[in-house]
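Down below is the structure, laid out as structure tokens.
Values quoted throughout were computed directly from the atomic coordinates according to the rules given, and no laboratory measurement underlies them. Model, not experiment: these values are computed from the prediction. When we count neighbours, we look across all protein chains shown, and the Cβ atoms used for this are built from the backbone with ideal geometry, even at glycine.
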Amino acid sequence: MQTLLTPDVRPGRLSASEYATRFADATPRLTQAQAVLEAERCLYCYDAPCATACPTSIDVPSFIKRIADGNLRGSAATIFDTNPLGGRLE
Ligand code: SF4
């Protein structure tokens, strides 16, 4: 039995049709090649204003670098280090 102390934040809770209905207005995901291309645009700024502005202090340049390197699990882990709202790694 699930308790309120362990909220259900795991991914994949909805069926494909439920996702399609509920997120019909969402921008399509990037392909991995598109994500790498976008990640390679990052300048890895020394003072990283993106990280300074982030309310959860995510190390943005680090997770972008991991995307550019094709390390998507490492990128997600970097985000989850400071922000657990993205769900759980399976
Ligand atoms: S994402 Fe952050 S580190 Fe990368 S270029 Fe933009 S401000 Fe700089």
* Structure fact -> Going residue by residue through the range 18-26, the Karplus relation 6.51 cos²θ - 1.76 cosθ + 1.60 with θ = phi - 60° gives ³J(HN,Hα) values, rounded to whole Hz and with x marking Gly or Pro, of 5, 4, 4, 6, 6, 10, 4, 8, 6
* Structure fact -> Here the range 47-59 yields Karplus 3J(HN,Hα) values (6.51, -1.76, 1.60; θ = phi - 60°; whole Hz; Gly and Pro given as x) of 8, 5, x, 5, 6, 5, 7, 5, x, 10, 6, 5, 7
* Where N is the number of residues in the range 30-86, Cα Rg divided by 2.2 N^0.38 Å -> 1.08
* **Estimated dipole of the range 30-86 in Debye, rounded to 20 [Cβ of Lys and Arg +1, of Asp and Glu -1, Cα centre]** => 120
* Asked: So for the range 30-86, taking the charge dipole from beta-carbon charges (+1 Lys/Arg, -1 Asp/Glu), which of V60, V36, T82 sits furthest toward the positive end?
  -> V36
* Structure fact -> For the range 66-73, in residue order, the Karplus 3J(HN,Hα) values (coefficients 6.51, -1.76, 1.60; θ = phi - 60°; whole Hz; Gly and Pro = x) are 5, 5, 4, 7, x, 9, 5, 5
